Structure formats: structure tokens, C-alpha cells
């Protein structure tokens with residue numbers, strides 16, 4: 001395995017990352033030292049002892065939803081762009097040159113050495129019988145895998161929260177502009193924002209559901225205690241020990257660190273998952289807050305749609321009013337035309353003799369009656385609220 005590991009040159013970190021952009025892995029141990037791994041999937045499977053179906057979840061070419069799986073010797077983490085395998089002593093992170101993954105790598109480099117050194121100092125203080133700060137001591141009891149998992153959860157929650165903030169910054173002004181002026185451009189802009197919000201909501205919902213599923217099942221959370229399982233299985237048999245030495249030569253260091261990290265837990269209940277439960281609850285509340293923001297934005301979009309529909313209904317009513325006016329005018333003109341046509345026919349009538357003035361009076365009176373009827377129709381429409389004043 002040594003010939004597959006290429007150490008990172010501190011003076012040229014970017015070059016090393018670019019070489020493994022397509023399918024590279026980066027390994028970070030408990031001391032914060034990072035190493036670029038250019039190996040195939042079989043070497044990864046042999047190193048961390050997981051099945052091919054678990055490694056397939058981390059394939060960037062395949063679309064798998066966000067998930068956190070606890071295995072015998074590793075935690076498989078697939079959270080959007082964060083695809084990692086966490087063991088009791090190291091973190092294997094995929095595609096370290098990705099723009100979204102680089103901050104995660106930097107955070108692991110920054111936090112793991114500090115936390116590890118603090119844990120060692122706290123352990124030495126215990127041996128000497130010294131008394132350390134209560135909060136620091138409580139922090140130092142967290143196993144390595146929980147610290148690495150916390151970095152991944154913090155990164156994905158911050159990433160989704162940032163995307164939600166960007167969406168809110170673009171959506172609310174666009175919705176207000178659409179409310180003030182309905183146009184094809186504004187409608188298309190809001191349509192795109194709504195599509196993006198729907199996709200982002202689905203991503204946030206999946207992460208939230210995964211955390212909620214873990215919190216609801218104590219057995220699944222217990223599977224994530226790798227240090228506890230490693231320390232309880234420290235007396236290895238001959239074949240098992242040989243297999244472990246091949247994949248991970250620092251067995252003695254692993255057993256001692258895992259035993260020290262989970263000493264308080266082993267003395268208590270084996271099924272005690274309170275520490276992990278508090279960790280998951282913190283980020284569950286954070287991702288739930290992000291989902292609530294998206295829900296509020298969706299409600300604002302729905303309210304805007306209702307307002308737009310009301311405006312469209314108002315325009316439709318105005319068109320109906322115009323149609324009513326035209327129909328009323330047509331009826332009045334039809335009455336006038338009917339009277340004029342009857343008295344204007346070239347047919348001899350006995351009652352028409354010496355009464356030519358009657359034609360003029362009747363036609364005039366029919367025109368006046370038509371105009372009065374039109375005014376009465378408009379007054380009735382205003383009275384019923386069908387026409388604005």
C-alpha cells in the first residue's frame with residue numbers, strides 16, 4: 001500500500017490536488033497529517049473493510065441521496081459534495097480538489113491536530129493527577145470519528161444555509177417586483193427561482209430526514225461508535241490481527257487511543273448514545289431551521305401567486321364589463337334599428353296617409369328610449385358593483 005500513497009508537498013498543495021481531481025482521495029489522520037491517495041476502489045475497500053455497495057454510494061458519477069451509514073470499522077458519509085469514509089483513526093475524503101470540498105479539508109487540518117493534542121494533554125494531566133477545566137475535559141472525551149463527523153455535518157449545514165440565504169436574497173426582490181408589475185420577464189424569473197427553491201428544499205429535506213432517522217434509532221447511532229467497538233475488540237485473534245496489520249499498521253496506537261477516548265462510555269452502558277445524540281440534535285436543529293426558511297419562502301411565493309391570480313381575475317372582470325357595455329349598446333341600437341326599419345319600409349299603409357310626421361316622431365322617440373335604456377343598464381351595473389364608478 002505504501003507505493004500507492006503520494007505525500008503532499010506543503011510548498012505546492014494546489015498541484016497535488018489537481019493531479020487527483022477526477023478520482024483522488026485524501027487521507028487525514030488524528031494528528032492532522034494529510035496524504036493524497038491515488039488508489040483504486042479495491043484498495044479502499046481493503047483498507048477500511050467496507051463492501052462495494054457502500055463504496056458505490058460515494059461514486060460522484062452516480063446519484064445517491066444524502067446518507068450516513070455505520071459499518072463495523074467505518075462510517076460512510078455521503079452528504080451532497082462531501083463523500084468521506086471515517087474510521088477510528090483516519091478520514092478518507094473524496095475529490096479533495098473540488099471547490100466545495102477544499103474548505104472541509106482545511107477545517108479538518110485545522111481542528112483535528114488541535115483536538116487531538118488537547119486530548120493527549122488531558123490524558124497526561126489525568127496520569128499526573130492534575131485537574132483540568134471541566135468543559136475541556138468533556139470535549140476531550142469525544143472519539144475521533146465524532147470529531148470528523150461533526151466537521152462534515154457543520155460543513156454541509158453551513159453550505160445549505162448559505163445556498164438558502166442566496167436564494168432568499170434573489171427571491172424576495174423578484175417577488176416584490178412581480179407584485180408591482182406583472183410581465184413575462186418577471187414571471188420567468190420567479191419561475192426559475194421557484195424551481196431552484198424546490199430542488200434546494202429536496203436536498204435540505206433529505207439531510208434532515210437522514211439525521212432524524214439516526215436520532216430515532218439508537219442501534220444506528222450505536223453503530224457509529226467505532227472507538228467503542230475497536231476497544232472492545234482489542235484482543236484480536238491471529239488471522240484477524242494479521243488482516244488488520246496489513247491495512248492499518250498503527251494497531252497499538254489505535255487501540256490505546258480508542259480505549260482512552262471511550263473509557264467513560266465503556267464503564268457505563270454499552271448502548272449509551274447520549275454523546276452522539278447531542279451532536280446530531282445540534283445539527284438537526286440547524287438544518288431544520290434552514291428548512292423552515294425555505295418553507296417560509298415557499299409560503300411567500302404561494303401568497304404572491306394568490307395575489308397575482310386575484311389581479312388576473314380583476315383584469316378578467318374588467319374584460320367582462322367591457323363585453324357587457326358592448327352588449328348593452330348593441331341591444332339599444334338593435335331596438336332603434338328595428339323601429340326605424342318598420343316605419344321606413346316602402347309598403348303602402350292606409351294609416352300612413354296624411355301622417356308622415358309620425359315617422360319622424362316615432363324614430364326620434366325610439367332613439368331616446370334606446371339611450372335611456374343604455375343608461376339604465378349602466379346604472380344597474382354600478383349599483384350591483386359590476387362596474388366601477
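Where a number appears in this text, it was derived from the coordinates with a stated rule and is not lab data. The model shown is predicted, which means the values in this text are computed figures rather than measured ones. Don't worry about glycine lacking a Cβ; one is built from the backbone with ideal geometry, like all the others, and counts go over all protein chains shown.
Observations, loosely collected:
- At R0 = 35 Å, FRET efficiency that the Cβ-Cβ distance of residue 222 and residue 161 yields, to 0.05: 0.75
- Rg and Dmax [Cα atoms of the stretch 25-93; Å; Rg one decimal, Dmax integer]: 11.3, 33
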